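Visitor: Starting off with a structure, shown below.
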Amino acid sequence: MVKIGVLALQGAVREHVKSVEACGAEAVVIKQKEELKDVDGLILPGGESTTMRRLIDKYDFMDSLKEFAQQGKPMFGTCAGLILLAKKIVGYETPHIGVMDITVERNSFGRQRESFEADIAINGVADDFPAVFIRAPHIVEAGENVEILAKHNDRVVAAREGQFLGCSFHPELTDDSRLTEYFVQMVKEAKEKQFA
Ligand code: GLN
């Protein structure tokens, strides 16, 4: 069985744990950087990216997160987690973890629509995924190796680049675990490759 960590500095941690378990994988709540060694993949939950960044620095997580990415282990960023993964953030000079070849813009669905739900098609995952957006970012630019998985109102809201998966919305806030299942599959494949 693969073990999937959920970074537990802030945000919807318990919901991600439930969703990973619903997919038949083991979920590990990650509160210390040393715990990253025990997992095959990592979920970076939603919350507030600036706050999460502060906590990443406070608990000295940054180097370990970058190392995790360098090892080729899959990472899945949801909402604020997507912002943490991006190499570029509109209006900011430096990224956070900065490993996925995308540019994101924060809070890009307008104030009047701070949160909403929409059924969206996610390539290879679902035709009708219930996506919950909460002060969501979107992907404004993506490198050539990035596969666009979903759009909403012409804005890119889910993408994959090899080991990295990211989405603007909160898949953990519904009972639909198909996107998490897709990530679990990525983790299984990466682990099999490692031992092949
Ligand atoms: N607006 C938040 C940010 O910029 C993300 C919101 C979320 O994760 N639901 O970090």
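Visitor: Please verify whether D128 is touching an Asp or Glu at 6+ places or on another chain (Cβ under 6 Å) and not small (G, A, S), treating the condition exactly as stated.
Guide: Judged against the criteria, D128 is a match.
Visitor: I'm trying to understand the selection: among the residues of the stretch 43-74, which are within 16 Å of the ligand (Cβ to nearest atom) and either crowded, with 24+ Cβ neighbours inside 10 Å or free of Cβ contacts under 8 Å to residues at least 24 places away in the same chain (or both)?
Guide: Of everything in the stretch 43-74, those that are within 16 Å of the ligand (Cβ to nearest atom) and either crowded, with 24+ Cβ neighbours inside 10 Å or free of Cβ contacts under 8 Å to residues at least 24 places away in the same chain (or both) turn out to be I43, L44, P45, G46, S49, T50, R54, D57.
Visitor: Do you know which residues across the stretch 138-181 are within 15 Å of the ligand (Cβ to nearest atom) and at positive phi?
Guide: None; the set is empty.
Visitor: Applying the selection to the stretch 28-42, what residues are surrounded by fewer than 20 Cβ atoms within 10 Å (Cβ to Cβ) and of a type in the set (D, E, K, R)?
Guide: Listed by number, the residues that qualify are K31, K33, E34, E35, K37, D38.
Visitor: I need the full set of residues from the stretch 84-123 which are β-branched (V, I, T) and in contact (Cβ under 8 Å) with a residue 12 or more places away in the chain, in order please.
Guide: Result: I89, V90, I97, V99, I102, T103, V104, I120, I122.
Visitor: Now for a different question. Residues that are farther than 26 Å from S108 by Cα and not hydroxyl-bearing (S, T, Y): find the strands (runs of 3 or more DSSP E) completely inside the stretch 1-85 holding 3 or more of those. Before the answer, list the steps.
Guide: Working: elements: 3-7, 26-30, 41-44, 75-78.
Result: 3-7, 26-30.
Listed here are the residues, each with its yes/no results for (1) under 28 Å from K58 (Cβ atoms); (2) away from the ligand (no atom under 11 Å from the Cβ).
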position: F76; (1), (2): yes, yes
position: Y92; (1), (2): yes, no
position: D127; (1), (2): no, yes
position: A136; (1), (2): yes, no
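Quick note: the coordinates plus some simple rules give every number you see, no bench work behind them. Quantities reported herein were computed from a predicted structural model and do not represent experimental measurements. Glycine gets a Cβ as well: all are built from the backbone with ideal geometry, and neighbour counts include every protein chain shown.
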